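J.: Before I ask anything, let me first share the structure, which is written out below as structure tokens.
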Amino acid sequence: MVDLPVVNDPRGNLTAIEAGVHVPFDIQRVYYLYDVPGGARRGGHAHRGLHQLIVAMSGSFDVLLDDGFSKKLVHLNRSYKGLLVTPMVWREIDNFSSGSVCMVLASAPYDEADYYRDYHDFLADVVGG
């Protein structure tokens with residue numbers, strides 16, 4: 001987890017994220033998920049080299065992280081907390097609350113060749129199984 005700065009103000013709070021300061025990579029791409037239907041899952045993949053910071057901009061959701069050896073469930077529900085996801089970690093995102101927005105800062109532009117979309121292929125490369 002990455003604690004992001006909060007500037008408190010009676011008019012509304014502000015959080016700024018800077019590459020190399022709050023995230024340990026240059027931000028090359030930003031995308032966000034929203035209007036996710038109830039019961040839907042996102043993610044379901046891993047990356048060979050991509051680093052990401054996942055932030056719940058609004059609402060909440062769960063992120064299941066799996067490095068091939070252990071699994072961890074992280075609940076994101078604060079816009080000043082980011083989840084750093086490194087390469088070779090399978091992720092699944094679900095349990096989206098109504099109106100939630102999931103923002104992802106990525107270390108590289110989209111590259112289909114960087115994805116593991118089959119869990120068994122991912123495991124084979126991670127644990128040789």
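Rundown of residues vs (1) at pLDDT 95 or above; (2) of a type in the set (Ser, Thr, Tyr); (3) within 18 Å of ILE17 (Cβ to Cβ); (4) touching a helix residue (DSSP H, G or I) at 6+ places or on another chain (Cβ under 7 Å), yes/no style:
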position: GLY39; (1), (2), (3), (4): no, no, no, no
position: VAL63; (1), (2), (3), (4): yes, no, yes, no
position: LEU84; (1), (2), (3), (4): yes, no, yes, no
position: GLU92; (1), (2), (3), (4): yes, no, no, no
position: TYR116; (1), (2), (3), (4): yes, yes, no, yes
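J.: Next up: Please specify each residue of the range 70-104 satisfying the condition of being part of a strand (DSSP E or B) and under 16 Å from TYR34 (Cβ atoms).
T.: Answer for the range 70-104, where residues must be part of a strand (DSSP E or B) and under 16 Å from TYR34 (Cβ atoms): LEU76, ILE93, ASP94, VAL101, CYS102, MET103, VAL104.
J.: Select from the range 52-69 the residues that are assigned to a strand (DSSP E or B) and of a type outside the set (Phe, Trp, Tyr) and list them in ascending order.
T.: Residues satisfying the conditions are GLN52, LEU53, ILE54, VAL55, ALA56, MET57, SER58, ASP62, VAL63, LEU64, LEU65, ASP66.
J.: Checking the structure you have, find out if any residue of the range 2-14 is in contact with a Gly (Cβ under 6 Å, 6 or more places away or on another chain), at pLDDT 90 or above and farther than 30 Å from LEU123 by Cβ.
T.: Looking for residues that are in contact with a Gly (Cβ under 6 Å, 6 or more places away or on another chain), at pLDDT 90 or above and farther than 30 Å from LEU123 by Cβ, one finds at least one in the range 2-14, hence yes.
J.: Among the residues of the range 87-129, which ones are of a type in the set (D, E, K, R) and over 14 Å from the mean Cα position of the chain (by Cα)?
T.: ASP111, GLU112, ASP114, ARG117, ASP118, ASP121, ASP125 - these are the residues of the range 87-129 that are of a type in the set (D, E, K, R) and over 14 Å from the mean Cα position of the chain (by Cα).
J.: If only one of ILE93, ILE54, ILE27 is closer than 28 Å to ALA113 by Cα, touching a Lys or Arg at 6+ places or on another chain (Cβ under 7 Å) and surrounded by 15 or more Cβ atoms within 10 Å (Cβ to Cβ), which one is it?
T.: Only one candidate qualifies: ILE93.
J.: Keeping to the range 75-129, report how many residues are under 21 Å from LEU4 (Cα atoms) and acidic (Asp, Glu).
T.: Total satisfying the criteria: 0.
J.: May I pose another question? Can you tell me which of (1) within 13 Å of the chain's Cα centre (by Cα); (2) free of Cβ contacts under 8 Å to residues at least 12 places away in the same chain is the one ARG11 doesn't meet?
T.: ARG11 satisfies all of (1) within 13 Å of the chain's Cα centre (by Cα); (2) free of Cβ contacts under 8 Å to residues at least 12 places away in the same chain except (1).
J.: Return yes when ILE17 is in contact with a Pro (Cβ under 9 Å, 6 or more places away or on another chain), of a type in the set (Val, Ile, Thr), in contact (Cβ under 8 Å) with a residue 60 or more places away in the chain and surrounded by 14 or more Cβ atoms within 10 Å (Cβ to Cβ) and no when it is not.
T.: Criteria met by ILE17.
J.: So the check is Cβ under 8 Å with 6+ separation or different chains; which pairs have a first residue in the range 109-129 that's assigned to a loop (DSSP other than H, G, I, E, B) and a second one that's not hydrophobic (A, V, I, L, M, F, W, C)?
T.: So the pair list comes out as PRO109/GLN28; PRO109/ARG29; TYR110/ARG29; ARG117/GLY44; ARG117/HIS45.
J.: If I go through the range 14-35 residue by residue, how many of them are over 15 Å from the mean Cα position of the chain (by Cα) and assigned to a loop (DSSP other than H, G, I, E, B)?
T.: Within the range 14-35, residues that are over 15 Å from the mean Cα position of the chain (by Cα) and assigned to a loop (DSSP other than H, G, I, E, B) number 7.
The values are calculated or read from the model by the stated rules, or taken from the named source; none is laboratory data. What you see is a predicted model; the values in this text were computed from it and never measured. Ideal geometry is used to build each Cβ from the backbone, glycine not excepted, and the neighbour counts take in all protein chains shown.
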